[in-house]
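J.: First, the structure itself, so that you have it in front of you.
The values are calculated or read from the model by the stated rules, or taken from the named source; none is laboratory data. Because the structure is a prediction, the values reported are computed rather than measured. Note that each Cβ is placed from the backbone with ideal geometry, even for glycine, and that neighbours are counted across all protein chains shown.
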Amino acid sequence: MSIYANVQKGPAIEVFALTQAFKDDTHPNKVNLSVGAYRTDAGEPWVLPVVRRTEISIASDEKGNHEYLPVTGLDTFTNAATQLVLGSDSPAIKANRAFGVQTISGTGALRIAADFLHTQLNRNVVYYSNPTWENHHKIFADSGFTSLHSYRYWDQSNRQLDFKNMVADLEQAPPGAVIILHACAHNPTGSDPTHEQWKELAELFERKKLFPLFDSAYQGFASGDPDNDAWAVRYFVQKGFELFVCQSFAKNFGLYCERAGNLTVVQADASTKAAVHSQLTLLIRGQYSNPPAYGARIVSKVLNTPELRKEWMDSIQTMSSRIRQMRAALREKLVALGTPGTWDHIVGQIGMFSYTGLNESQVKVLINDYHIYLLKTGRINMCGLNTGNIDYVAKAIHAAVT
Ligand code: PMP
């Protein structure tokens, strides 16, 4: 008998299973609203023009090579990434009490963060929002956290942030608990706390001694302005918190498969930097030794070259404004069709996703009868909509709801 005979088949990962089902579907009107990746109005993936030019220039550099990067990655990348999220005039950077280490995109940043918190700071309690990106639970459980909790975040009946209950649940968290916060454009709800609510949360975190771990997968992509999207992180830093930020460059650079990420560490002062940096180095060494260079080189060159950076900023404006147009169009079409319910939340939410409020049986109708693929929670990727398919999708939602 095979040594593998008793291995049990695990559950499918919903978002990848849906994308496969979409690929296998031969219906001419099929639409993929599941995976979180940008699409143009023609329904195609978009390589940002500045990314394309930069990769060509890197590849044609005669002096380029494929030597290993240091264990914690490319310094020019980690410094630029840290500056992007904390701000170029950040007091924490000036005081040398913030630094970054390169990671395998946002997921890798979360995993290294979780491993460090568990093994070096003996943290075992983590809270993530309900709902959240489904991988948060898995990453922290795989790192050895055994006390995993969710805090309430979403008010389904009013289709908005449930701030009161979010606060009530976080009040119950024990001192030292790690709290995952979405820096902006909450996945899947598209609903973030207001500035006033972030201030209230900072006061609660300070009083209860909670550890803020910001997951920043959509900086710039959400509002079109990276500074605006980093407001909450910078506010917590200004308030003197020690914290982590897990950054992904998948969405805002369109570098999904290149796995360019950064874990930013903010400390009270510079004295702990050498030790913390060395332990992060050892964690990475034991997992994959050193990170891939391709995406990090592109991000580094773009962020560190003013003309390229400006062009990148224009591209994130292009992406975020196309999403806003699709939000307005979908709402308008549902209202025009007289689809029961209110649809204002579609334009009120920000970022890549809309949490439509469609229930599981309505989602089934969309998938089975209309070949429109979306998560069973009713989350849709707004980028999957375009001027060519929005009428079809709006009519299908109308039929599923009525
Ligand atoms: N956090 C959140 C909230 C996300 O939505 C994503 C991407 N779906 C990630 C982290 C990490 O993505 P990646 O590893 O591709 O950077």
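J.: Inside the range 244-258, can you point out the residues that are within 25 Å of HIS277 (Cβ to Cβ) and among the hydroxyl-bearing types (Ser, Thr, Tyr)?
T.: Once the filter is applied, which keeps residues that are within 25 Å of HIS277 (Cβ to Cβ) and among the hydroxyl-bearing types (Ser, Thr, Tyr), the range 244-258 yields only SER248.
J.: Go through the range 1-36 and count every residue that is out of contact with any helix residue (DSSP H, G or I) (no Cβ under 6 Å at 6 or more places or on another chain), under 22 Å from GLY388 (Cα atoms) and among the small types (Gly, Ala, Ser).
T.: Of the residues in that region, 2 qualify.
J.: So which residues in the range 338-370 are among the small types (Gly, Ala, Ser) and either in a loop (DSSP other than H, G, I, E, B) or in contact with a His (Cβ under 6 Å, 6 or more places away or on another chain) (or both), if there are any at all?
T.: Selection gives GLY338, GLY341, GLY351, GLY357.
J.: Then there is this: For the range 269-291, state whether one or more residues are closer than 30 Å to SER321 by Cα and in a helix (DSSP H, G or I).
T.: no
J.: Determine if the range 160-180 includes at least one residue that is at pLDDT below 95, touching a strand residue (DSSP E or B) at 6+ places or on another chain (Cβ under 9 Å) and surrounded by fewer than 20 Cβ atoms within 10 Å (Cβ to Cβ).
T.: yes
J.: Being part of a loop (DSSP other than H, G, I, E, B), surrounded by 22 or more Cβ atoms within 10 Å (Cβ to Cβ) and not polar (S, T, N, Q) is the filter; apply it to the range 221-253 and report the residue that is nearest to the ligand (Cβ to nearest atom).
T.: ALA250
J.: Could you please find all residues in the range 83-118 being touching a Ser or Thr at 6+ places or on another chain (Cβ under 8 Å), among the small types (Gly, Ala, Ser) and within 14 Å of the ligand (Cβ to nearest atom)?
T.: SER105, GLY106, ALA109, ALA114
Listed here are the residues, each with its yes/no results for (1) in contact (Cβ under 8 Å) with a residue 12 or more places away in the chain; (2) small (Gly, Ala, Ser); (3) closer than 20 Å to SER191 by Cα.
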{"residue": "VAL335", "(1), (2), (3)": "no, no, no"}
{"residue": "PRO340", "(1), (2), (3)": "yes, no, no"}
{"residue": "GLN349", "(1), (2), (3)": "yes, no, yes"}
{"residue": "SER361", "(1), (2), (3)": "no, yes, no"}
{"residue": "ASN368", "(1), (2), (3)": "no, no, no"}
{"residue": "LEU375", "(1), (2), (3)": "yes, no, yes"}
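J.: Just one of VAL299, VAL335 is part of a helix (DSSP H, G or I), among the hydrophobic types (A, V, I, L, M, F, W, C) and assigned by the TED database to the domain that holds GLY36; which is it?
T.: The match here is VAL335.
J.: Restricting attention to the range 138-160, and to residues there that are in contact (Cβ under 8 Å) with a residue 40 or more places away in the chain and in a strand (DSSP E or B), which single residue is farthest from PRO188 (Cα to Cα)?
T.: Applying the filter and picking the extreme gives GLN160.
J.: Exactly one of these conditions fails for THR264: (1) of a type in the set (Ser, Thr, Tyr); (2) within 16 Å of the ligand (Cβ to nearest atom); (3) over 25 Å from PHE241 (Cβ atoms). Give me its number.
T.: Failed condition: (3).
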